[in-house]
Amino acid sequence: MLKPTRFAVLIAAFVFAGVLTLTPHSAGAQEAGQQLSASVSVSASFASRYWLYLPQKYEQQEQWPLLLFLHGAGERGDDLEKVKVHGPPKLIAAGKHFPFIVVSPQCEADKWWEAAELSALLDHLEKTLKVDPRRIYVTGLSMGGFGTWSLATRDAHRFAAIAPVCGGGNAIRVRYAPFTAPAWAFHGAKDQAVPLSESEEMVAAIKQKGVEAKLTIYPEAGHDSWTETYNNPQLYEWLLSHHK
């Protein structure tokens with residue numbers, strides 16, 4: 001069941017200083033957090049709408065793993081239903097249950113995922129939900145794959161593992177940054193939108209640092225390497241096998 005939920009938060013200089021107003025969450029349901037307004041510095045601010053899913057037995061545990069899902073460029077805008085066309089929010093809408101808190105924000109039209117803004121969102125979620133800080137994961141497809149790499153490069157210390165799908169990033173930065181998050185990347189060999197080399201370079205850079213990294217290549221897949229990836233139970237088992 002999907003229910004609209006409103007969030008109102010003020011975050012300044014990465015310090016929570018706001019008021020949260022929300023309706024009660026329903027365990028096992030994916031709810032719409034209609035508006036999150038935040039400022040991560042004097043010069044940066046954002047407003048993000050997102051789906052929030054809480055596991056069925058949410059109230060029976062002190063802490064839960066958190067999975068952040070980042071959609072692709074086609075799902076940007078102000079129609080939150082678009083976020084459910086791929087990945088975990090699509091599966092949840094179809095009736096699947098996850099042993100994670102799943103948060104699926106929507107990027108505004110004509111914008112790109114910003115790591116600092118996503119980090120502020122995670123700060124807020126850790127303060128307001130029963131999040132296990134040792135088991136925070138991020139995954140995303142296409143533009144969201146780039147967002148996953150960017151966020152993990154900026155804040156690798158906060159993630160237990162990451163799973164970027166048909167994305168890419170700054171491999172040089174990875175080589176010199178304190179990147180510590182294990183990664184499982186996925187890519188179609190025939191991808192004409194984002195070359196396979198994007199994932200190959202990032203995985204190679206992580207391996208050079210001695211961090212666990214692997215790449216699954218779908219020989220016949222084009223840009224849609226996400227359908228098979230998110231339908232694979234082994235992905236979620238792999239994520240849960242990692243903790244800080």
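The numbers here are math on the coordinates, done by the rules we state, and not lab data. This one's a predicted model, so the numbers in the text were calculated from it and none came from an experiment. Here the Cβ is made from the backbone with ideal geometry for all residues, glycine too, and neighbour counts use every protein chain on show.
Counting Lys and Arg as +1 and Asp and Glu as -1 over every other residue whose Cβ lies under 14 Å from the Cβ of E200, the net charge comes to -1. Partner lysines whose Cα lies under 27 Å from the Cα of K190, excluding those fewer than 8 positions away in the same chain, are identified as K82, K84, K90, K111, K207, K214. Taking packing as the residue-averaged number of other Cβ atoms within 10 angstrom, the listed peptides 144-155, 92-103 run from highest to lowest as 144-155, 92-103. Across the range 99-244, Cα pairs under 8 Å and at least six residues apart give a relative contact order of 21 percent.
Stretching A93 away from A116 to a fully extended chain increases their span by 5.4 nm, per 0.36 nm per residue minus the current alpha-carbon distance. For the range 66-93, the residues whose backbone nitrogen is under 13 Å from a point 7 Å from the Cα of T227, taken along Cα to Cβ, are 86-87.
Over all orientations, the range 46-240 has a Cα convex hull whose mean projected area works out to 10.2 square nanometres. Between E237 and E220, the distance separating the two model label sites (each 7 Å from Cα on the Cα→Cβ line) works out to 2.4 nm.
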